[in-house]
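S.K.: Next up is a structure, given as structure tokens.
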Amino acid sequence: MLGMHFFLACSIIIIMWQLIQSGWLSGIRTHSVRWLLVLAFAVLGAAWLAANFSGRQPATVALDVGLSGIRLVLLLMALFWVQELLGRDIERKSLYFVLAYPVSRGTYLLSRFFAVALLLALGVAILGGALGGILQVLPVSYSQPTPVALGASYVAVLVGVWLDLLVITAFALFLCCVSTTPFLPLILGSFFALAARSLGITLDFLLHSENADPQQIKWLLPIIQAGKWLLPDLSRLDWRDLSLYGLPPDWMGMGWAAVMALAYIGFLLGLGAHKLQTRELL
């Protein structure tokens, strides 16, 4: 009996790896990498122009603009890949062929998540590496008082960007499992990313800024405080200050932010797997 369970577990792992590979290849075949390269040139161009228009600390400005561009571009790519790898499978009924294998729908959903995670890792590596390269050749006429840090700190910043995108991917996958409207995950996924990324910044502004309008505090603060129990604070994964100003890393805060992201991903994937398992695919 133990041997049978071991054989079944190995079979499921092999099938899941094949599903991840097929998802990876599907993402590559959609010409998304070409679009990624085109968008990479757009991000690099924006960073280069921002540096040239900056009168002070051009490298810091270029890095800041470049990281913002990377987060925006890969957000769109993540939602696109989710729609291609799961949304279209459900829409075209091709999911029936996948379910002929001895795997659960939850395993299939998990394989799609890992496929998108690998594609996003490729995107982060391409865009992050290109931005780092452009900063190395950026012409500057003087040395900055606080030079940008492009070593381990920059790698940590890119890891934070990747975790941020994985949370958004898990939310979009969950929406695909419950939605019957093809473009709803794209629309709601974008609103989710906007709300989760601005949650902590908005709350900090309302609580601590002297420029906050009392009327805004009165009406918005209860809503934002209620939202923090439902949405993850993705601003805690934006660690760009490590590279922008060479600040020492807060390992405790960064660790808890990563745990928060992984827990939210696990919750969304578990909920999505349950919804997909009970969904009628007729």
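The values are calculated or read from the model by the stated rules, or taken from the named source; none is laboratory data. What you are looking at is a predicted structure, and each value in this text was computed from that prediction instead of being measured. Note that we place each Cβ from the backbone using ideal geometry, even for glycine, and neighbour counts take in every protein chain shown. The area values use the complete protein model at the heavy-atom level, side chains included, leaving out ligands, DNA and RNA. Shrake-Rupley method; radii C 1.70, N 1.55, O 1.52, S 1.80 Å.
S.K.: Hey, any idea what % of the chain's accessible area is carbon plus sulfur with a 1.4 Å probe?
M.R.: The value for the chain is 71 percent carbon and sulfur by accessible area.
S.K.: Now for a separate question. Less than 15 Å Cβ to Cβ from residue 66, Lys/Arg counted +1 and Asp/Glu -1: what total charge do the surrounding residues give?
M.R.: Net charge around residue 66: -1.
S.K.: Also: Cβ neighbours within 10 Å, averaged per peptide: list 178-188, 72-82 in order, most packed at the top.
M.R.: Answer by packing, highest mean first, reads 72-82, 178-188.
S.K.: Based on the Cα gyration tensor of segment 180-263, what are the three equivalent ellipsoid semi-axes, each the root of five times an eigenvalue, rounded to whole Å and given largest first?
M.R.: 24, 22, 12
S.K.: Please report the relative contact order for the chain, taking Cα pairs under 8 Å with a sequence separation of at least 6, and give it as a percent rounded to a whole number.
M.R.: So the answer I get is 25 percent.
S.K.: On a 0 to 90° scale, report how tilted helix 152-178 is relative to the longest principal axis of the chain, with both axes built from alpha carbons and the result rounded to the nearest 10.
M.R.: 40
S.K.: Using the heavy atoms of the protein chains and a 1.4 angstrom probe, tell me the accessible area per residue for segment 161-262 in square angstrom.
M.R.: Heavy-atom SASA per residue in segment 161-262 reads 55 Å².
S.K.: Tilt of helix 251-278 relative to the longest C-alpha principal axis of the chain, in degrees (0 to 90, nearest 10)?
M.R.: The angle comes out near 30 degrees.
S.K.: Measure nothing fancy, just the Cα-based angle from helix 214-227's long axis to the longest principal axis of the chain, in degrees from 0 to 90, nearest 10.
M.R.: 30
S.K.: Further, regarding this structure: Using only the alpha-carbon atoms of segment 150-194, report the extent along each of the three principal axes, biggest first, to the nearest angstrom.
M.R.: The principal-axis extents, from largest down, are 45, 17, 11 Å.
S.K.: While we're looking at this one, here's another question. If you take the C-alpha gyration tensor of the chain, multiply each eigenvalue by 5 and take the square root, what semi-axes do you get, largest first, in whole Å?
M.R.: Equivalent ellipsoid of the chain: 36, 24, 18 Å, largest first.
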